[in-house]
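**Student:** Have a look at the structure that comes next, please.
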Amino acid sequence: MSLQIENLSVYYQTLKGDVHALEDITLDVKLGEIMGLAGESGCGKTTLCQSLIYLNPPMKYMTGRVMLNGNELPIWDAEKMNQHRFRDISIIPQYAMNALNPIRKIGPMIRDLLTSKKVDYKDRLPELKHRLDVVNLPHDVLGMYPFELSGGMKQRMVMVLSTLLDPTLLIADEITSALDVASQKAVSELLVKFLDEGCCKSAIFITHDISILYQIANTITVMYAGYLAEKASTETIIHSPRHPYTKLLIASLPKIGVKYSEKHLKGIPGHPPLLLNPPIGCRFRDRCPLAFEKCTEVPPFVEIEKDHFIACWREGSHA
Ligand SMILES: Nc1ncnc2c1ncn2[C@@H]1O[C@H](COP(=O)(O)OP(=O)(O)O)[C@@H](O)[C@H]1O
Ligand code: SF4
Ligand SMILES: [Mg+2]
């Protein structure tokens, strides 16, 4: 197993009170797995991934534990996490194109980064060059400033950078959103290639584009208002989802293989609840066509078939 998350809760501390952004998340990602993470804006996708990398204020660790390769990650201690970031677990952030230091040439910037991780640049240079070949970037980029690269080139550079030490888990947070369709496809296919080449051992891929997940993800996890709603193989989520929210989400797509964006989700009546004072029980309750009395309690996330998990009183085995 690559990643194991057990009962993880993370809030944001604000002047108005705690935002209950992540509640009781229990989730595994296997070695070799690309897990797609889906759900409406604000459901907690970035918070989940960010808390595995750098849990900085106003984010507040509440409960739970995270294991990577069988070892516990000290996610509540930003300093201790330093030794794991980039080496064991790495993220391509949502605005990856701005992640490169604008006033440093790319080669020296990578050298600084590796030095800070006690890795010799010269030792790693042959592999770095190989990876530039993999993503189709000329070796000359090492002598360039980020502004000399196009958006797509910067994106690929950040992918090379974030996987240079072969992390166990690579997180990609909406990395294709700002790209044109052709570059989106190229970048997501590269992620699969990175796994095949051993540049990372597992990945979490966040996107609003289910058609990309359909092409590259082995599994899809759907979140709703801070909770996990459903996790299963990509085939199952797309063709036979069980959670009422997943069903509506998939049904709101124009057709499989076509991109969905925020506006299509308006096909589901109502809005997700605010997480500052979230409702008790199942947070999908006021939008759910199947809600009944029991739904005033939080439904547990249970395995209803092998590798198919769901949190719903009606559809789960506890119904
Ligand atoms: N810095 C912050 N302070 C307070 N609340 C936040 C902060 N960042 C995110 N949130 C809240 O946490 C919830 C989850 O946000 P986020 O993880 O960014 O969702 P997603 O990535 O799925 O769009 C949202 O309700 C959002 O408003
Ligand atoms: S637990 Fe109840 S409200 Fe929540 S999704 Fe299931 S049926 Fe709907
Ligand atoms: Mg996000």
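**Student:** In whole Å, how far is the Cα centre of the range 4-40 from that of the range 114-159?
**Tutor:** Cα centroid of the range 4-40 versus Cα centroid of the range 114-159: 31 Å apart.
**Student:** Return the Rg/Rh ratio of the range 1-62 with Cα-based radii and a Kirkwood Rh.
**Tutor:** 0.99
**Student:** Highest mean first, how do 211-219, 51-59, 156-164, 269-277 rank when packing is the count of other Cβ atoms within 10 Å averaged over residues?
**Tutor:** Answer by packing, highest mean first, reads 156-164, 211-219, 51-59, 269-277.
**Student:** Please name which of ASN277, ALA182, CYS200 has its Cα lying farthest along the dipole of the chain towards the positive end, using unit charges on Cβ (Lys, Arg +1; Asp, Glu -1) and the Cα centre as origin.
**Tutor:** It is ALA182, whose Cα lies furthest towards the positive end.
**Student:** Size of the dipole of the chain about the Cα centre, Lys and Arg at +1 and Asp and Glu at -1 on the beta carbon, nothing else charged, in debye to 20?
**Tutor:** Dipole about the Cα centre, nearest 20: 520 debye.
**Student:** Starting from the exponent 0.38 and prefactor 2.2 Å, build the expected Rg for the range 99-222 from its residue count and divide its actual Cα Rg by it.
**Tutor:** Cα Rg divided by the expected 2.2 N^0.38 Å: 1.06.
**Student:** Give me the three principal axis extents of the chain from the C-alpha atoms, as integers in angstrom, largest value leading.
**Tutor:** 64, 42, 38
**Student:** Another question, if that's okay. Helix-only mean residue ellipticity at 222 nm, the chain, DSSP H runs n ≥ 4 weighted -39,500 (n - 2.57), per residue, nearest 500. What is it?
**Tutor:** -7500 deg cm²/dmol
**Student:** Shifting gears a bit: Say R0 is 30 Å: what FRET efficiency, to the nearest 0.05, do LYS193 and LYS306 get from their beta-carbon distance?
**Tutor:** The calculated FRET efficiency here is 0.55.
**Student:** Here is a further query. May I ask for the net charge around GLY44, where only other residues with Cβ less than 13 Å from the Cβ of GLY44 are counted and Lys, Arg are +1 while Asp, Glu are -1?
**Tutor:** -2
**Student:** Which net charge results for the neighbourhood of VAL66, defined as the other residues with beta-carbon distances under 14 angstrom from its beta-carbon, given Lys and Arg at +1 and Asp and Glu at -1?
**Tutor:** Net of charged neighbours comes to -3.
**Student:** If you don't mind, another one. Cut-off under 21 Å on the C-alpha distance; same-chain residues fewer than 8 positions from LYS60 excluded. Which lysines are left, in chain and number order?
**Tutor:** Candidates past the 8-residue exclusion: LYS16, LYS45, LYS80.
Every read-out reported here was derived from the displayed coordinates using simple, explicitly stated rules and does not represent laboratory data. Not measured: the values here are computed from a predicted model. Don't worry about glycine lacking a Cβ; one is built from the backbone with ideal geometry, like all the others, and counts go over all protein chains shown.
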